[in-house]
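Right, one structure below, let's go through it.
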Amino acid sequence: MTGIRLRHLAFSGPNIKPAELWFDEGLNIIYGASNTGKSFTSKAILFMLGVSKNLPETEEILAYDAAWLGLTLPNGRNVTLYRPTQGGHFRLLEGLVVSVDIENGVVLRQKHDSRRNDSVSQMLLDVMGFAGKQIVRDGNGKKDVLSIFLLSPYAVVSEEDIIAEKSPIFASGIPAERTFEQNLFKFLITGTDGSAAVTVPKLAERKVAKTAKIELVTELIAQLDGELGENPPDEKEAEQQLRRLEQSTEDLSTQLQNAQARLDSLVIERRNATDHRRDLQSRANELDVTLQRFAKLRAVYNSDLQRLQSIEEGGFVLLAMAGLDCPVCGAPSAAQTHVHVAEEISMAHMAASAEAAKIELEQLELNQTITSLEADASDLAHTLTQLKTEIDRLDKTILEERPLEASLRESYEAYTTKKIEVSKFIDLYQQRAKLVARRAAIEAEPTKREDKAPVAGPDSTTAFKFGETVKAVLTAWHFPNANKVQFDERSYDITVGGKSRAANGKGVRAILHAAFNVAVIVYCIENKLPHPGFLVLDTPLLTYREPMSSRHGELSDDEIMLKATSVAEHFYKHLASLKSEVQVIVIENSDPPNAIRDLAHIETFTGLDGNGRFGLLAKAG
């Protein structure tokens, strides 16, 4: 199924029975007396589709506070749109319902917004296959996103529009909308929208944009002039100065690098010398401690030798006195009984001599070691003195080199600063030159379009094919001279034998307008293009009115001729034959022919109390 189908239109309110109008799949006819709500029905459908913000103000509607529109979507899903009769947002409810709790429904916004997908318009366009389609509005390629409001003239045709002299395509009647309406018609019968069109600003917009660009560039030039100052240096002189500064800066950079390299080398050399001196000083300190210890050891050796020498000398004296009379008592040696003492003294004398010899040997070795260490210490002291002299020399050299390096660095930074300053002036001159060239280019740009604006509406071949479809529809309706029907590309309307639709009476204009709308849907069906799926026609058979009771008055000559034909019967039969493809709701004042009553779902508004259905809503009072 293509498009949607309307299932019911209902109104509910407190303390009143819901007013329900149900629709069948194919042809539906609503007819009856005046002032019973027939035209109100088409307006209510537009209100429930989100096309209009308000319902017509009538006494009958005051008793109702809610409106319900049941729909069947292309996938077979039944839903109901709920909306307060005072207007506002919608709720989307599941199933075909009337007067139920609406809190579980999904809120849909009334106003179409192409950037949102929560409006009733977006929901309907999406299921119809029209979502996101763009229509070119003017010759400059400006585009509007299609909405249900813009599409509605091809789904619901009011009584005022169906008899109007203006083309069915130009439903708004506003000359400024003609290009848009032509392109909307083109989209419907070709399926190709205007999304690929390139938008070009209008002439006035281009002039304003050009002036604005020139003013902006002029302002930027003025800002650059302000940055250059009152007496800026000449651009060529600045360029020459920059080249000299670059050469001087490069030379200074080389000198600075060499000075820095020399200074770095001296610092490294001093660091190495200092580190070496520190290591040697540590070694000298260790030698000093060792010599001090060895000196103490030598003193011990000297003390031990003196003690041993004393023992040795004492033993020698005692041994010499061993054969003599006792110096104390005078006893002779033969009379002395302790002769072993002499032997012990002899042994102690020998031991002291041996120990002294050993110590003397060790003392000799110690003295040799001390002599060697003292020589090393002397060499270290000499080397340390030399290193101290070298470090002092390096310190002096570094102190002498630093001012040169600082001076070179200061000069380099000064030249660099000056180079940046001169470069800024040159950049400002270059920017200014580009802006001046840009302003000249903008001033030279044409504001008038050099190319032709794209042609609005369908091409001639498609327009001819559509005209053939209109002819086929009117032929099926047995419309007089249907074989002479054409679609006129100049007026974008139907002509019959060269006579424009607008030149006919109201009734003839109405039937031709209806043929146009039906032909659009038939053309879409034959070419497998999307369409709304339903069509509401309000009073297409106006020519069959009763002049005495109709507000449209007497019939014109062409209406009289048409009324004498069987167009009404064949009109209904043809619409009924489209049941599988489209739903048609016809609102009429006159009774439908008896021959078609079995082909349509018919609702009669009698306008009489107690005689069938009075009207769409309960009679007020």
ask   = Quick one: how many residues across the range 589-616 are loosely packed, with under 14 Cβ neighbours inside 10 Å and not aliphatic (A, V, I, L, M)?
value = 7
request  = Kindly check whether there is at least one residue in the range 141-155 that is touching a Lys or Arg at 6+ places or on another chain (Cβ under 9 Å), on the phi < 0 side of the Ramachandran plot, among the hydroxyl-bearing types (Ser, Thr, Tyr) and buried (at least 21 other Cβ atoms within 10 Å of the Cβ).
outcome  = no
query = Which condition number in (1) touching a residue at least 60 places away in the same chain (Cβ under 8 Å); (2) crowded, with 22+ Cβ neighbours inside 10 Å is the one that Leu541 fails?
reply = (1)
message = Looking only at the range 479-502, how many residues end up being of a type in the set (Ser, Thr, Tyr) and outside any loop (DSSP other than H, G, I, E, B)?
response = 2
query = Which of the residues spanning the range 147-161 are in contact (Cβ under 8 Å) with a residue 12 or more places away in the chain and out of contact with any strand residue (DSSP E or B) (no Cβ under 6 Å at 6 or more places or on another chain)?
reply = Ser147, Ile148, Phe149, Leu150, Leu151, Ser152, Pro153, Tyr154, Ala155, Asp161
key: Index of the failed condition, Thr383 passing every other in (1) hydroxyl-bearing (Ser, Thr, Tyr); (2) surrounded by 13 or more Cβ atoms within 10 Å (Cβ to Cβ); (3) modelled with pLDDT under 70   = (3)
query = In this structure, does Val470 turn out to be assigned to a helix (DSSP H, G or I) and hydrophobic (A, V, I, L, M, F, W, C)?
reply = yes
query = Quick one: which of Leu184, Leu188 is under 23 Å from Met123 (Cβ atoms) and either in contact with a Phe, Trp or Tyr (Cβ under 6 Å, 6 or more places away or on another chain) or touching a residue at least 60 places away in the same chain (Cβ under 8 Å) (or both)?
reply = Leu188
ask   = From Arg178, Arg206, which residue is in the same structural domain as Val536 (by TED's automatic domain parsing) and in a helix (DSSP H, G or I)?
value = Arg178
message = Tell me the residue from Lys418, Lys388, Lys396 that is of a type outside the set (A, V, I, L, M) and under 53 Å from the mean Cα position of the chain (by Cα), please.
response = Lys418
task = For the range 24-45, enumerate the residues that are among the hydrophobic types (A, V, I, L, M, F, W, C) and crowded, with 19+ Cβ neighbours inside 10 Å.
result = Leu27, Ile29, Ile30, Phe40, Ala44, Ile45
key: Residue list for the range 439-459, filter: of a type outside the set (A, V, I, L, M, F, W, C), modelled with pLDDT of 80 or more and within 27 Å of Ser195 (Cβ to Cβ)   = Gly457, Pro458, Asp459
ask   = Looking at the range 160-186, which of its residues are under 22 Å from Gln583 (Cβ atoms) and either surrounded by 22 or more Cβ atoms within 10 Å (Cβ to Cβ) or among the basic types (Lys, Arg) (or both)?
value = Ile162, Pro168, Leu184, Phe185
inquiry  = Taking the criterion of being out of contact with any Phe, Trp or Tyr (no Cβ under 8 Å at 6 or more places or on another chain), surrounded by fewer than 23 Cβ atoms within 10 Å (Cβ to Cβ) and in a loop (DSSP other than H, G, I, E, B), would at least one residue in the range 517-536 satisfy it?
reply    = yes
inquiry  = I'd like to check something: does the range 484-497 contain any residue that is within 13 Å of Thr543 (Cβ to Cβ) and assigned by TED's automatic domain parsing to the domain that holds Ser167?
reply    = no
task = Those residues that are part of a helix (DSSP H, G or I) and buried (at least 19 other Cβ atoms within 10 Å of the Cβ), I need them from the range 564-588; list them, please.
result = Val567, Ala568, His570, Phe571, Tyr572, Lys573, His574, Leu575
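The values are calculated or read from the model by the stated rules, or taken from the named source; none is laboratory data. Fair warning: this is a prediction, and the values are worked out from it, not measured in the lab. Ideal geometry is used to build each Cβ from the backbone, glycine not excepted, and the neighbour counts take in all protein chains shown.
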